[in-house]
Structure formats: C-alpha cells, structure tokens
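Notes for the one structure printed next.
The values are calculated or read from the model by the stated rules, or taken from the named source; none is laboratory data. Remember, it's a predicted structure, so these values are computed and weren't measured experimentally. Glycine gets a Cβ as well: all are built from the backbone with ideal geometry, and neighbour counts include every protein chain shown.
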Amino acid sequence: MKTSIRRKIVWAFSILIFFGGSIWLVNDYIHRLIRVKTQIIFHKNKALNTILEVRRYEKNFFLNGRIENLKQAIKYNCQAEEELSDIIANYGKYTLSKNLDETQERLGSYCEIITALMNRINASGASPLYPSDPETEKLKGEIAESGHALTTHFEQMVLQEQEGLDDLVKRSRRYILFFSLTVFMLCIGVAVFLLFNVNRPLKAIEGAIVKIASGDYSYIDLKCTSYEFQSLVNSLNKMINELNRRNEQIVHSEKMASLGTLTSGVAHELNNPLNNISTSIQIVMEELEDDDIEYRRQLLYEAEKQVERARDIVKALLEFSGKRSFSPRRVCFKDLVSDSITLIKGEVPANVTITLDIPDDLEVDLDASRIQQILINLMLNGIHAMEKEGGELYVKAYIEDESTFCFQVRDTGVGIPMENIYKIFDPFFTTKEVGKGSGLGLAVSRSIVENHGGTMEAYSRYGEGATFVVRLPARTG
C-alpha cells in the first residue's frame with residue numbers, strides 16, 4: 001500500500017521536532033540544575049567562610065583571652081546555622097550532602113560549648129590565658145576539636161558539590177552530543193528520504209516531461225512509493241497514450257492529404273494501361289476470325305502486362321493509404337523509392353527530372369509505409385519548389401557508417417530562406433498559399449524518423465535548392 005508523501009514528511013518532521021524538543025527540555029533541565037548547584041556551592045562556601053570566621057575568633061580568644069572574641073564566635077556560628085537552614089529549606093533535594101540536619105545539630109553543639117566556656121569564665125573571673133580548672137580546659141579542648149571537625153566537614157561538602165557540578169557538566173556535554181548526533185543522523189535520514197522519495201521521482205518526471213516536449217511519447221516506467229507521485233506518473237502515461245493516439249491520427253490525416261494530392265497523378269497513370277488494355281481487347285475482338293494466333297497471343301500478353309502495371313499502381317496506392325501500427329521489416333530501398341516515384345509520377349512536370357543514386361542490393365529494416373510517406377512528402381516538396389523553372393530531383397541512399405543508414409532528397413529549386421530554415425519542422429508552418437499545404441508534412445515526417453530512432457535535417461541556401469538528410473539506425477545485416 002502506497003503511503004502519502006505528505007504523511008511521510010509529517011512523520012519525518014514530527015520525529016525531528018520530538019528530538020529537537022527533547023534536546024531543548026534536557027538542556028533546559030541541565031541548565032537549571034547547574035544554576036541550582038552553583039547556588040548551593042555559593043551558600044555552602046558562604047557557610048564555610050562563616051565557620052572560618054568562628055574559628056578565627058576562637059583562636060583570637062585563645063591568644064588574647066578576650067571574652068568579646070567568644071561573643072563574636074557565637075554570633076558567626078548563628079549565621080552559619082542560618083545559612084545551613086536556608087540550604088536545607090531551598091536546596092535540600094538538590095544537594096549531594098544528605099546529612100545536613102546532623103550538621104545543623106553539630107553547629108548547635110559547637111555553639112553551646114562556646115557559650116558554656118564563656119559563662120564559666122565569667123562566673124569564675126579567672127584569666128583564660130593561664131591554666132584554670134580541669135573543666136574549663138576540657139571545654140577549650142572540645143571547642144578546638146569541634147571547630148576543626150566542622151571546618152573539615154564543610155570543606156568536604158563544598159568539594160563534593162564542586163565535583164558533582166563538574167560531573168553534571170560532563171554528563172550534560174555527553175547528553176547534548178548524543179542528542180545532536182541523533183538529530184544530525186535524523187537530518188541525514190530525512191535528506192536521503194527526500195532525495196529518494198521526492199527529488200528522484202521529480203527528476204525522473206521532469207526528464208519524462210522533457211522527452212514528451214521533444215516528441216518522445218514513450219511509456220514512463222517509474223514505480224513510486226508515494227501515492228501523489230505515482231498518481232502523477234499514471235496521469236502522464238494516460239496523457240502519453242492520448243498523445244500517441246492523436247499523433248497517429250495526425251500522421252494518418254497527413255497521409256490522406258498527400259493521397260489527395262496523388263489522386264490525379266495516379267488516375268493519369270492508370271489511364272494509360274487501361275487505354276492499352278482496351279485497345280488490345282478491341283483489336284482481338286476485331287481479329288477473332290483471323291488465323292494469326294500468334295498476333296492475338298501477343299496482344300493478350302501486352303494486355304496482361306498492362307493489367308499487372310495497373311495492379312501494381314493500385315497496390316502501391318493501397319499500401320501507402322493503409323493505416324497500420326509501427327512495423328519495421330526488411331525492404332529493398334531502391335524498390336521503395338521506385339514505388340514512391342510511381343505514385344507521384346503524375347505530379348512530375350516535364351521540366352523536372354528525377355535521378356536515383358541507390359545501390360540495387362541496399363536492404364534495410366524499416367517501416368516501408370511510413371518511410372514511403374516521408375519520401376513522397378520530400379519529393380513533392382522538391383517538385384513544387386522547381387515547378388516554375390524546372391530542375392533536377394536527386395535521391396541518394398547509402399550506408400554512412402556501420403551503424404547509420406542515410407538517404408537524401410535534394411532539389412535545385414528556389415531554396416528555403418534563412419529565417420524559415422529553423423521553422424520548417426514546426427507543425428502548421430508553411431510557405432505555400434492558403435489551401436495548398438497543411439504545414440504538417442515535415443513535422444509528421446520528422447516524427448516518423450524519430451520513431452525509427454533517427455534524425456532528420458535540412459540544409460538550404462535561398463536560390464540554390466534544398467537538401468533533406470535522413471539518418472536511421474543501420475539494420476542491414
């Protein structure tokens with residue numbers, strides 16, 4: 001079942017749109033994810049920097065013993081807790097650290113230890129720079145240990161997020177490369193599909209139309225996978241069949257027109273043998289009682305020859321007028337030309353001579369009836385071109401090379417003007433007076449030649465006659 005080309009194109013572009021949309025969605029998701037990861041790294045870095053500030057004030061306290069340093073440490077620790085709370089609230093499902101609540105508790109414990117140390121120092125009034133009671137020294141050790149652990153933990157969290165972001169960027173590159181290659185391959189597939197399913201049939205149809213325009217009405221043997229193109233090919237084949245049918249009608253109509261021209265000449269040609277027959281029969285009837293049998297036999301023999309002559313003329317006329325399909329066969333070309341001359345003999349003026357230069361044994365494969373139509377058309381055209389001044393009609397045939405048979409019809413008439421030489425094969429173009437020519441003779445003749453696979457050309461100079469050269473594939477063996 002043939003599928004509509006429209007449906008195929010819709011499917012192809014739907015797939016392209018699907019993959020293009022998928023690339024856009026994946027790229028947009030990765031872009032948003034990278035932006036979120038960047039924000040997470042920013043806030044974790046901020047929290048890390050806050051913890052480092054806590055550690056700085058913690059170390060300053062251990063160096064100078066000022067209680068204000070512990071107060072600042074507690075303040076920055078609270079800020080770190082707020083940063084961590086924001087990360088949990090806004091980016092909890094995107095962060096790679098899944099134990100943020102535990103980290104929040106560790107920050108709280110760290111702050112409690114600092115607060116406990118500050119309260120104990122305030123209560124005792126002792127200087128923190130000198131060794132104090134074991135409990136105070138224990139709190140100092142816990143503060144240093146917790147601060148170091150928290151700093152290391154936040155550094156690892158930031159490093160983990162940075163590594164995750166790098167991995168996400170690498171994966172996004174692979175995704176985009178994969179989808180891009182997929183779309184590229186799909187584009188190649190669509191291009192190949194359009195080439196074979198659209199461009200190639202269109203080129204074939206274009207070539208067929210060019211052949212039709214040049215007069216080649218051969219069947220288009222093209223199988224298309226799409227309904228539209230196959231329908232177009234079928235329509236063109238219907239048109240070609242109709243053109244062939246009408247071309248056959250034109251050829252036959254032109255033949256009938258030529259037949260009308262030949263009628264008077266053929267009538268004259270038939271008149272002579274009929275008169276001879278009539279005279280011979282009258283003499284025989286008058287001499288019935290005569291004993292000269294040999295003389296009567298001679299008269300009857302002459303009458304029989306005249307009957308054969310009349311029969312040949314009628315046969316040639318019927319052969320010429322008959323409507324047949326294209327059927328090449330082996331023909332003696334000189335006999336074909338002689339038969340054609342017999343048909344036009346009544347049209348040949350006394351001041352025109354016909355000269356043949358054709359080998360007696362030249363036999364070729366061609367459609368005799370159609371080639372005879374060409375010969376009669378060309379010879380009559382040449383005779384009409386010389387009917388006022390007279391001249392010579394020259395018919396020549398030969399094998400030009402191993403693959404080409406050629407015959408020429410040349411006259412010494414008025415010739416063809418240069419401005420008309422390129423128009424003479426156009427249908428309905430004629431230089432004859434109205435009613436004396438249809439303008440189809442040469443167009444039909446060239447069509448017949450092309451059906452034989454040959455060419456037909458004209459050469460002329462005005463005032464120096466014209467030569468028509470027909471070349472056909474040589475099938476003489």
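At-a-glance table
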quantity: Test: residue in region 39-51 that is touching a Lys or Arg at 6+ places or on another chain (Cβ under 9 Å), over 30 Å from S172 (Cβ atoms), free of Cβ contacts under 8 Å to residues at least 40 places away in the same chain and not small (G, A, S); calculated: no
quantity: Positions within region 71-89 being within 17 Å of L52 (Cβ to Cβ) and not hydrophobic (A, V, I, L, M, F, W, C), in sequence order; calculated: Q72, K75, Y76, N77, Q79, E81, E82, E83
quantity: Residue within region 391-413 that is surrounded by 18 or more Cβ atoms within 10 Å (Cβ to Cβ), under 40 Å from the mean Cα position of the chain (by Cα) and modelled with pLDDT under 80 present; calculated: no
quantity: Region 108-123 residues that are among the hydroxyl-bearing types (S, T, Y) and assigned to a helix (DSSP H, G or I), paired with ones that are surrounded by 15 or more Cβ atoms within 10 Å (Cβ to Cβ) and at pLDDT 85 or above (beta carbon under 7 Å, 6 or more apart); calculated: S109/S146; Y110/N77; Y110/S146; Y110/G147; Y110/L150; T115/I74
quantity: Flag if T38 is surrounded by fewer than 18 Cβ atoms within 10 Å (Cβ to Cβ) and either touching a Leu at 6+ places or on another chain (Cβ under 9 Å) or closer than 17 Å to Q162 by Cβ (or both); calculated: yes
quantity: Restricting region 131-172 to residues that are closer than 21 Å to I67 by Cβ and touching a Ser or Thr at 6+ places or on another chain (Cβ under 8 Å), the residue that is modelled with the lowest pLDDT; calculated: S132
quantity: Residue selected from region 77-99 under the condition surrounded by fewer than 17 Cβ atoms within 10 Å (Cβ to Cβ), hydrophobic (A, V, I, L, M, F, W, C) and assigned to a helix (DSSP H, G or I), by the criterion farthest from the chain's Cα centre (by Cα); calculated: C78
quantity: Qualifying residues in region 129-182 (those that are among the aromatic types (F, W, Y) and surrounded by 15 or more Cβ atoms within 10 Å (Cβ to Cβ)) - the one farthest from E58 (Cα to Cα); calculated: F179
quantity: Among (1) in contact with a Ser or Thr (Cβ under 7 Å, 6 or more places away or on another chain); (2) loosely packed, with under 13 Cβ neighbours inside 10 Å - the single one I113 does not satisfy; calculated: (2)
quantity: Flag for A385 being surrounded by 14 or more Cβ atoms within 10 Å (Cβ to Cβ) and over 47 Å from the mean Cα position of the chain (by Cα); calculated: yes
quantity: Residue in region 184-196 that is exposed (fewer than 13 other Cβ atoms within 10 Å of the Cβ) and under 18 Å from L232 (Cα atoms) present; calculated: yes
